[in-house]
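Notes to accompany the following structure.
The values are calculated or read from the model by the stated rules, or taken from the named source; none is laboratory data. Source: prediction; values computed, not measured. Counting neighbours? That spans all protein chains shown, and the Cβs are built from the backbone with ideal geometry, glycine included. Side chains included, ligands, DNA and RNA excluded: accessible areas come from the protein's heavy atoms. Shrake-Rupley method; radii C 1.70, N 1.55, O 1.52, S 1.80 Å.
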Amino acid sequence: MKLSARLQVIADELSLRCRMADIGSDHALLPVYAVKNGKASYAVAGEVNDGPYEAARRQVAKAGEHRRISVRKGDGLAVISPGEVDTITIAGMGGALIVSILANGIDKLTGVKQLVLQPNVGEEFVRSWLIENGWYLEKEQILEEEGKIYEVLTAVADPGAGALNEQLYQDKAMDGRIVINKPLLLRIGPRFIMNPSPILLKKWQGEIAKLEKICRQVALSDQEASRERESELRQEIEQLKEVLACWQKDRP
């Protein structure tokens, strides 16, 4: 079985012989690949909607893996029991929804050692939740596939997460003049910001273009609140442009 580049990055992050739960598993491609290739010894494929749930059941049956993969219908982490798995993957959703799934099922995280999360948008919400709930962001990866850019965040349960996170999100200086504070680290990514890739640069060029479009629309309004919003947007755009200028300056 060949996975998409996005799912392959997630699969590569799994600890060897883990017991995993893939939430929002769709066609159960990731669990099937994981058990077939020795990445997982057992997997739960969770789906809340009938169509994807049935598709996952068919995929697991076709693969002959019904003993090692349990396909379950349910909302978020409701499909697993505390202590049943040690790894959870959630991919292809907004960051706010991923946070909601984790928060609503926090009692199910007992015994979980690793989270591999791929938010489509709102990555900062995921990073904030990880800090607040004692998870350490061990790795950040970014890739482009079929014209879309994805980030994959790998977090681990660590007794020293508090101190590790404090160090990871401490203010950083770029080019000796720009101070990157925690809100910006949460937004761009603390591991990305000091090691930018061409894909990261492309992503934030696109984000700046979106913000500039919003700013132009807001500028058309005569309301006082719109003036304040326009000022905030301009400051945000300028800050991001300064970061991008530093990235481009440091590129060989």
Amide H neighbours of ILE193 at under 5 Å, excluding residues fewer than 5 places away on the same chain, with H built from the backbone geometry, are none
Summing -39500 (n - 2.57) over every DSSP H run of at least 4 residues in the chain and dividing by its residue count gives a helix-only mean residue ellipticity at 222 nm, to the nearest 500 deg cm²/dmol, of -14500 deg cm²/dmol
For segment 71-81, Karplus-derived ³J(HN,Hα) couplings (6.51, -1.76, 1.60; θ = phi - 60°; whole Hz; x for glycine and proline) come out as 8, 10, 9, x, 8, x, 7, 5, 7, 10, 9
Residues meeting the amide H criterion for GLU145 (H placed from the backbone, H to H distance under 5 Å, 5 or more places apart or on another chain) are TYR150
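Give me the 1.4 Å probe accessible area per residue for segment 36-85, excluding ligands and nucleic acids, in Å².
Values: 2560 Å² over 50 residues.
Here the per-residue accessible area is 51 Å².
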Here the percent of antiparallel bridges among DSSP beta bridges lying wholly in the chain, to the nearest 5, is 45
With Cα springs under 10 Å, the Gaussian network model of the chain assigns the largest mean-square fluctuation among GLY176, GLY111, GLY206 to GLY176
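Once a ≥ b ≥ c are taken as the square roots of the eigenvalues of the Cα gyration tensor of segment 131-188, is the result rounded (a/c under 1.5), prolate (a/b larger than b/c) or oblate (a/b not larger than b/c)? Before the final figure, lay out each step's value.
Details: a/c = 2.76, a/b = 1.11, b/c = 2.50.
In terms of gyration-tensor shape, oblate.
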Plugging the Cβ-Cβ distance of ALA5 and ARG177 into 1/(1 + (r/R0)^6) at R0 = 45 Å yields, to the nearest 0.05, a FRET efficiency of 0.75
Ordered by number, the trypsin sites (Lys or Arg not before Pro) in segment 141-229 that occupy a DSSP loop and have at most 13 other Cβ atoms within 10 Å are ARG177
One finds the C-alpha centres of segment 1-74 and segment 143-197 to be spaced, in Å, by 29
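Could you give the length gained on full extension between GLU238 and MET194, defined as 0.36 nm per residue of separation minus the Cα-Cα distance, in nm?
Details: separation 44, 0.36 × 44 = 15.84 nm, distance 1.84 nm.
So the chain would gain 14.0 nm between GLU238 and MET194.
Roughly speaking, to the nearest percent, how much of the chain's 1.4 Å accessible area is carbon and sulfur?
Details: 6140 of 12580 Å².
After summing per-atom areas, the C and S share lands at 49 percent.
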Calc'd 3J(HN,Hα), segment 48-65, phi into Karplus 6.51 cos²θ - 1.76 cosθ + 1.60 (θ = phi - 60°), Hz, glycine/Pro = x, comes to 9, 9, 4, x, x, 4, 5, 5, 5, 4, 5, 5, 5, 5, 4, 7, x, 10
Going residue by residue through segment 13-18, the Karplus relation 6.51 cos²θ - 1.76 cosθ + 1.60 with θ = phi - 60° gives ³J(HN,Hα) values, rounded to whole Hz and with x marking Gly or Pro, of 7, 5, 5, 4, 6, 6
Links exceeding 21 Å between C-alpha atoms in this model, out of LYS148/LYS202; LYS62/LYS113; LYS139/LYS213, come to LYS62/LYS113; LYS139/LYS213
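Solvent-accessible area per residue for segment 93-252 at a 1.4 Å probe radius, Å²?
Values: 8480 Å² over 160 residues.
That works out to 53 Å² per residue.
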Spelling it out for ASN120: with amide H atoms placed in the peptide plane at 1.01 Å from N, the residues 5 or more places away or on another chain with amide H under 5 Å from its amide H are GLY92, MET93, GLY94, GLY95
In terms of the alpha carbon gyration tensor, root eigenvalues a ≥ b ≥ c, rounded if a/c is under 1.5 and otherwise prolate when a/b exceeds b/c or oblate, segment 1-73 is prolate
One checks the Cα atoms of the chain and finds Rg and Dmax, in Å, of 20.0, 64
